[in-house]
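So the structure is just underneath, and the comments pick up after that.
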Amino acid sequence: MLTKFVLQTVSIFMFSALPAPKGVVQHIRNIQRDFFWGKGEEKKKWALVAWDKISKPKTHGGLGLHDPETISKVLGGKLWWRWLKELVTPWAKVWKQEYVNN
């Protein structure tokens, strides 16, 4: 449980502000894999299970870890939805003024 919390919290916090580019998502995924498998600078360990199997929900035989790319897409969609529906908020007004051609 602690490992899952550490692996997921930072990326979810970061992605709630801005969707990440693919290179950043891949780098975060690599950090999570290295942390999970215990990779260090002087030693390397073999991954005993594929990352896609680990990131499956517990009901499907995985550990329930969230894929950073999926989280980035979901939270990016949430930002755009809020931007479209809450036009009176200050940040939505700024985005509309900056990015929407009237």
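The values are calculated or read from the model by the stated rules, or taken from the named source; none is laboratory data. Everything numeric in this text was worked out from a predicted model, so none of it was measured. Positions of Cβ are backbone-derived with ideal geometry, glycine not excepted, and every protein chain shown enters the neighbour counts. Side chains are part of the model used for accessible areas, which takes the heavy atoms of the whole protein and leaves out ligands, DNA and RNA. Shrake-Rupley method; radii C 1.70, N 1.55, O 1.52, S 1.80 Å.
Rounded to a whole number, what % of the accessible area of the chain do carbon and sulfur atoms account for, probe 1.4 Å?
The value for the chain is 64 percent carbon and sulfur by accessible area.
Which residue, chosen from SER11, LEU87, THR59, occupies the Cα position most advanced towards the positive end of the dipole of the chain, where the dipole is computed from +1 (Lys, Arg) and -1 (Asp, Glu) charges on Cβ about the Cα centre?
THR59
Which of LYS43, LYS85, LYS22 moves most in a GNM of the chain, Cα contacts under 10 Å?
LYS43
Ignoring ligands, DNA and RNA, what accessible area per residue does the chain give at 1.4 Å, in Å²?
79
For the chain, with only Lys/Arg (+1) and Asp/Glu (-1) charged at the beta-carbon, what is the dipole magnitude about the Cα centre, in debye rounded to 20?
Dipole about the Cα centre, nearest 20: 240 debye.
Return the whole-Å distance between the Cα centroid of the range 14-81 and the Cα centroid of the range 83-99.
One Cα centre to the other: 30 Å.
What is the sum of charges, Lys and Arg at +1 and Asp and Glu at -1, for the other residues whose Cβ falls under 11 Å from the Cβ of THR89?
+3
Report the relative contact order of the chain, percent, no decimals, based on alpha-carbon pairs under 8 angstrom and at least 6 residues apart.
Contact order relative to length: 29 percent.
Counting other Cβ atoms within 10 Å, keep those with at most 10, restrict to DSSP loop, and tell me which chymotrypsin sites (Phe, Trp or Tyr not before Pro) in the range 12-94 are left.
For chymotrypsin sites (Phe, Trp or Tyr not before Pro) across the range 12-94 that sit outside H, G, I, E and B with at most 10 neighbouring Cβ atoms in 10 Å, the list reads TRP46.
Tell me the mean residue ellipticity at 222 nm calculated for the chain from its helices only (DSSP H runs of n ≥ 4, each -39500 (n - 2.57), averaged over every residue, nearest 500).
Helix contribution divided over all residues of the chain: -19000 deg cm²/dmol.
Under 13 Å from the Cβ of VAL25, count the other residues' Cβ atoms, weight Lys and Arg +1, Asp and Glu -1, and hand me the total.
Residues near VAL25 contribute +2 overall.
What does the convex hull of the alpha-carbon atoms of the chain project to on average, in nm²?
Average of the hull's projected areas for the chain equals 8.9 nm².
Build a GNM of the chain with springs between Cα atoms under 10 Å: which of PRO68, PRO57, PRO19 gets the top mean-square fluctuation?
PRO57
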